[in-house]
Amino acid sequence: MNWLYPSRLKIMVMCLISLILASCLQNKSSAKDTTITASQLEMIDVSVKQYCDAMVFFGTIYITSVDKVVYEYHCGPQNMQYNVDNTVKSKYRIGSNTKAFAAAILMRMLEGKDLRVETVGDYLPWYPKNQCADVTLHNLLAMSSGIPNYSDNEEVYNNWGWRPYLYDETLNLNGPEGFGNRFCTCEEQGGQPSFTQGSKYEYSNCNYYLVGNIIEQLAAGTQGDIDRSFWFSNILKEQILDPLDMSDSGSFSAIGIYSDMTTGYIYKDNQYLPLANGRPPATGGPAPYQDILVNPYSNPLVLYSAGDMYSTVEDMHKWDQGLYTNKILNEAQKLAAFAPYSNTGSSSSCEYYGYGWFVTYIDPNQYGKVADCPDDPSETNLRKYEKFLQYSGSYPYSWVTSFNRLLERDQNVMVFSNYVKTGTESDCIAEEIRNIIFYSDKHRTEACQTVLDEA
């Protein structure tokens with residue numbers, strides 16, 4: 001009867017194979033379908049056109065899925081004076097989206113170093129020998145340093161942000177006489193961080209200004225005055241823009257001439273206009289833009305590695321796709337860059353700050369802020385939620401660029417604007433698009449409805 005054993009073995013193997021196949025088929029059939037449907041695209045189109053038709057948004061909306069563009073819409077003028085409309089080639093100043101580029105460059109240059117140990121003082125010997133020199137590079141990148149935000153300093157607006165020159169070759173952004181050493185050294189708060197570093201989140205542009213200083217001096221191998229070839233703008237081009245063929249992107253210079261650069265516009269009653277300090281913009285544009293003013297001049301040198309970049313939606317799609325490969329960051333670096341560190345304390349979402357990114361967790365099965373969102377993300381298993389990265393880069397006072405990477409879907413939502421009425425329009429559109437993708441409902445907030453009602 002031994003001949004039965006091979007038959008039984010054969011039957012058992014066949015049964016096992018059947019079970020495996022059934023399991024695979026079951027998993028495949030129950031896997032989450034992340035396709036953006038025709039119905040969702042129709043809802044997105046309706047929402048977008050409401051903001052465009054109300055003339056509270058000028059700009060470009062660009063949605064991608066892997067390497068395909070699934071939705072594209074443009075509205076409003078790229079330049080009123082010359083009657084040029086926004087297009088896919090329009091260049092926008094992307095503001096704080098620059099920070100993700102700066103973080104990536106620093107991680108590349110310090111590969112193998114422990115950023116939780118390396119300090120500001122290790123790389124900037126000209127920095128005052130105070131407690132802020134002991135701030136780690138991790139806490140710089142994670143917005144948990146306690147170093148003050150130069151954007152809150154009135155002197156920056158009075159004497160730097162609106163400085164009455166276009167360019168000054170003698171202006172030193174680095175070294176003992178540089179901007180960072182004037183406004184990012186904690187001297188005005190007794191030479192110490194405003195809180196114990198790493199203990200909480202507090203947004204500060206100084207963090208990423210100092211990151212730029214460190215990048216330049218790492219590249220130059222010297223301290224203080226450095227050759228132009230080692231300026232942040234050139235390192236950015238060499239390290240990221242050229243490898244990703246982002247030929248329509250760069251650091252904005254006041255003396256540059258840029259084809260397809262958007263002109264910035266601001267509503268005449270915008271709350272931020274008084275910050276122009278006696279330099280109001282010209283009168284409004286032609287009908288129907290009588291109440292819309294050209295952006296008052298702001299000095300891009302003040303923004304530097306914290307926010308002076310410009311780009312197009314096409315180039316930013318290359319950036320998005322490049323981050324799914326190891327061309328810019330390796331797997332370990334991406335894991336570190338996209339990790340949640342400092343809880344931002346958002347009342348509406350479970351949001352942390354990573355390295356140059358806001359890291360948000362949602363429950364795709366239930367709209368609203370997730371219940372489990374601790375200050376210390378290591379205390380919970382956030383992997384049960386879906387994670388996406390986003391930044392709403394603002395460039396005073398007319399450009400807002402919302403860049404959203406839906407990581408688990410390989411999708412991206414870009415809402416780039418060159419007009420600020422209240423400053424929330426781009427974020428409203430981006431949030432509604434994300435909600436439609438996640439929940440098939442825009443879930444428009446009262447604040448966003450008010451923007452439309454008061455148009």
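So for the chain, averaging the separation of alpha carbon pairs under 8 Å that are six or more residues apart and normalising by length, what relative contact order in percent results?
Numbers: 830 pairs, mean separation 99.3, N = 455.
In percent, rounded to a whole number, it is 22.
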Inset, instruction - Estimate the FRET efficiency between Asp134 and Lys113 by the formula 1/(1 + (r/R0)^6), using the beta-carbon distance for r and 22 Å for R0, to the nearest 0.05. - result: 0.85
Inset, instruction - Report ³J(HN,Hα) in whole Hz for each residue of region 109-114, in order, from the Karplus equation J = 6.51 cos²θ - 1.76 cosθ + 1.60 where θ = phi - 60°; Gly and Pro get x. - result: 6, 10, 4, x, 8, 8
Legend entry - Helix 4-30 vs. the chain, principal-axis angle (Cα, 0 to 90°, nearest 10): 30 degrees
Legend entry - Inter-label distance, nm, simple model (7 Å from Cα along the C-beta direction), Arg228/Val70: 4.6 nm
Legend entry - Virtual spin-label span in nm between Glu42 and Glu408, 7 Å along Cα→Cβ: 2.8 nm
Inset, instruction - Calculate, for Ser253 and Ala371, the FRET efficiency according to 1/(1 + (r/R0)^6) with r their C-beta to C-beta distance and R0 41 Å; round to the nearest 0.05. - result: 0.30
Legend entry - Mean Cβ neighbour count within 10 Å, used as a protection proxy, ranking 283-290, 249-256, 408-415 highest first: 408-415, 249-256, 283-290
Inset, instruction - Please give the peptides 358-366, 343-351, 299-307 ranked by average Cβ packing (other Cβ atoms within 10 Å per residue), highest first, as a rough proxy for protection. - result: 299-307, 358-366, 343-351
Inset, instruction - Would you please give the residues with an amide H less than 5 Å from that of Lys91, counting only those at least 5 places away or on a separate chain, with H modeled from the backbone geometry? - result: Met261, Thr262
Inset, instruction - Subtracting the Cα-Cα distance from 0.36 nm times the residue separation, let me have the gained length for Thr196 to Ala332 in nm, one decimal. - result: 46.2 nm
Inset, instruction - List the chymotrypsin sites (Phe, Trp or Tyr not before Pro) within region 58-100 that fall in a DSSP loop (any state other than H, G, I, E or B) and whose Cβ has at most 11 other Cβ atoms within 10 Å. - result: Tyr82
Legend entry - Antiparallel content of DSSP bridges confined to the chain, in %, to 5: 95 percent
Inset, instruction - Under 1.5 on a/c is rounded, so check that first for the chain, then, if it is not, pick prolate when a/b is larger than b/c and oblate when it is not; a ≥ b ≥ c are the square roots of the alpha carbon gyration tensor eigenvalues. - result: oblate
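Here, each number is a calculation from the coordinates, and none is a lab measurement. Keep in mind it's a predicted model, so treat the numbers as computed, not measured. In this analysis, Cβ positions are derived from the backbone assuming ideal geometry, glycine residues included, and neighbour counts consider all displayed protein chains.
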